[in-house]
Each structure stands twice: as structure tokens, then as C-alpha cells.
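Reading through the C-alpha cells given below for one structure.
Values in this text are rule-based calculations from the coordinates and carry no lab data. Remember, it's a predicted structure, so these values are computed and weren't measured experimentally.
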Amino acid sequence: TFILPLYRPRLLADVYDCLVSKGAFIMDYRLSNRLVILCEEVGINRQTNNLSNGIASQKMSDVNTDASINFLGVKGEYVTRRALNLGGIEKLTADKPDYRGDIELPSGEWVEVKTRRKPYYDFGIEGADIDRLFHADYGVLVWQMPMVNVFRIVGWCDKSQFIDGMVWMAHLPKPSWVLPWQQLQPFEIMQKRVNQQNQQNQPIKSTVDRV
């Protein structure tokens, strides 16, 4: 078990649309004001599409509206796409009733991105029916940080790792299955394998030991 520092950058790089801060166990993206507006426009389109298709957002609390969940989620998806070199704002499309996740990898596998409003929140799936609610092959956790427009990619898991380690949190406003963020794998592993193995459409594969 380890505790991540809230902010300990080692390398700063200007990548036009966002500022990347990268150090031990962290990967932070600062979105420009322009990108925030573009992400929220995508969120509005998703919300409109969801309403027309009768789709409700998955959320752990009723404090947040479906629209605010879409706004936050699009920003988390954006930074994840950027980190994986899978395009930017132009690749964000509206949710569909049969979608398998948020980001499709070159291999045809899917990634579910969960973006939380505060640091130290866990990767969670609302509700008891995992097979119905977690369609993707992998999950990625993103935190919205206290700094303005800064988002941290915390780590990732595959679905089998999630099922092996998930804990039922009945006390939450919306009871959910949760995998503690400390159990996630470093995101750099996913980065390297997406860049290398998905060239040949190979699964990423987890490095977590099975007991």
C-alpha cells in the first residue's frame, strides 16, 4: 500500500492543448480553457443523445446531475485518449445504448474510464450486476485534482482483476462494487502495451498475480 502525493511533478511538457505533469506514480493533464469548453460541448451532445434514448448515467450519488456526470466523464476520457495516443477531442463520440465502454483500442478491446471529482476515490461500478454494467475489457481511474482543470490518471485494471478484488460498498448513496485505487496497475504499463501490442491487435493482459 502506498499514498500518492497530491502533486509532485518531475517533468513538465507543453503539448499544445494541455500541460502534462509526469512523475513517480503520477500522470497529470491540465486542460486549457478552450479544451474544457470543447469537452463540455461533447458532454451536452451526449446528454441530449442519452435523453432521447432513455439512458441514465451511472453514478454513485444523486448529488450530481446526469449532465455534470457527462461533463466530468468526457474530460477524463479526453486525457486518457491523449495519454494512449488514441486521438483527442475529435475521437469523443456520443454514447450509444449498446456501447461496450468509453474508448475502443486498436485491438477491438474496450476501456471504461471512471472519472472522480476528488482524489483518493476508488474505481467503482454502480449496482450489483457486474456483467450488465461493466462491459469493457479494462478500467481506468481518473481523478479531478484540486488545481484548476487538472486531471490525474491514477491507474488501470482488467475486468478479471476488478472481479477478483472488488468490495461491495452497501453504505454508499448508490451501493456499488469498488476496487481500491491502491490496487490499480501503473498507467505506464497500459501505455506501453497499447503502443506495442495493439499494433498486432494483441490483448493488453494483466500483470497482476493470480492466487
- [ ] Calculate, in nm to one decimal, what Arg100 and Ile163 gain on full extension: separation in residues at 0.36 nm each, minus their alpha carbon distance.
- [x] 21.0 nm
Task: region 112-194 shape via C-alpha gyration tensor axes, a/c threshold 1.5 - done: oblate
TODO: Decide, for region 146-189, between rounded, prolate and oblate: order the square roots of the alpha carbon gyration tensor eigenvalues as a ≥ b ≥ c, take rounded if a/c falls under 1.5, and otherwise choose prolate if a/b is larger than b/c, else oblate.
DONE: oblate
- [ ] Subtract the Cα-Cα distance of Asn49 and Arg132 from 0.36 nm times their separation in residues, and report this length gain in nm to one decimal.
- [x] 27.8 nm
Task: region 70-142 shape via C-alpha gyration tensor axes, a/c threshold 1.5 - done: oblate
Open item on the list: As a quick test, which of the pairs Lys91/Lys118; Lys114/Lys159; Lys75/Lys118; Lys118/Lys192 have an alpha carbon distance above 22 angstrom in this structure?
Closed with: Lys91/Lys118; Lys118/Lys192
